[in-house]
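Below is one structure; the comments refer to it alone.
Derivation of every value follows stated rules applied to the coordinates shown; laboratory data play no part. Values in this document were obtained by computation on a predicted structure and should not be read as measured data. Here Cβ is always computed from backbone atoms with ideal geometry, including for glycine, and neighbour counts include all displayed protein chains.
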Amino acid sequence: MRRAYDPPEAADGARVLVDRLWPRGLSREHAELTEWDKQVAPSDELRRWYGHDPAKRAGFADRYRTELDDPERVEIVRHLRELAESGPVTLLTATKEIEASHLPVLRRRLLG
């Protein structure tokens, strides 16, 4: 799990942006992405509700886990697991506080 703004590293393997919105100020050339799976990101409604409010973190994680049960998202999670079978996968987000984002929830789902 890393920020999309961080320079790529050799150990990153496949670099997958999992945000619904493209990171501000980041050009597609400099992102060096393998793919952009915006459909697996939290819904706009959930993202707006959460607003990175620490008091809502647990509720956000619960609601996002529920969203990950959506058939389209289940397929993307399956795809990401298959991608990980061939080497490292780095989940990318524009969020400054990665641990307060959706990435830890998604990572647990991928590993589970």
Determine the relative contact order of segment 2-111: mean sequence separation of Cα pairs under 8 Å and six or more apart, normalised by residue count, in whole percent. 40 percent
Please turn the phi angles of segment 89-95 into ³J(HN,Hα) values with the Karplus equation 6.51 cos²θ - 1.76 cosθ + 1.60 (θ = phi - 60°), one per residue in order, whole Hz, x for glycine and proline. 10, 10, 7, 10, 9, 8, 4
Convert each backbone phi in segment 32-42 into a coupling constant with the Karplus relation 6.51 cos²θ - 1.76 cosθ + 1.60 (shift: θ = phi - 60°), then list the ³J(HN,Hα) values in order as whole Hz, x for Gly and Pro. 6, 8, 7, 6, 10, 9, 5, 5, 8, 6, x
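Of all GluC sites (Glu not before Pro) in segment 8-108, which ones are in loop regions per DSSP and have a Cβ with at most 14 other Cβ atoms within 10 Å? Intermediate results must be reported in sequence, preceding the final value.
On the way: sites: GLU9, GLU29, GLU32, GLU35, GLU45, GLU67, GLU72, GLU75, GLU82, GLU85, GLU97, GLU99; in loops: GLU9, GLU32, GLU97.
Filter output for segment 8-108: GLU9, GLU32, GLU97.
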Within 10 Å of each residue's Cβ, count the other Cβ atoms and sort SER43, SER86 from fewest upward. SER86, SER43
Over the chain - Rg/Rh using Cα atoms and the Kirkwood inverse-distance radius: 0.94
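Of VAL74, VAL105, VAL40, how do they rank once you tally other Cβ atoms within 10 Å and put the fewest first?
Exposure proxy ranking, most exposed first: VAL74, VAL105, VAL40.
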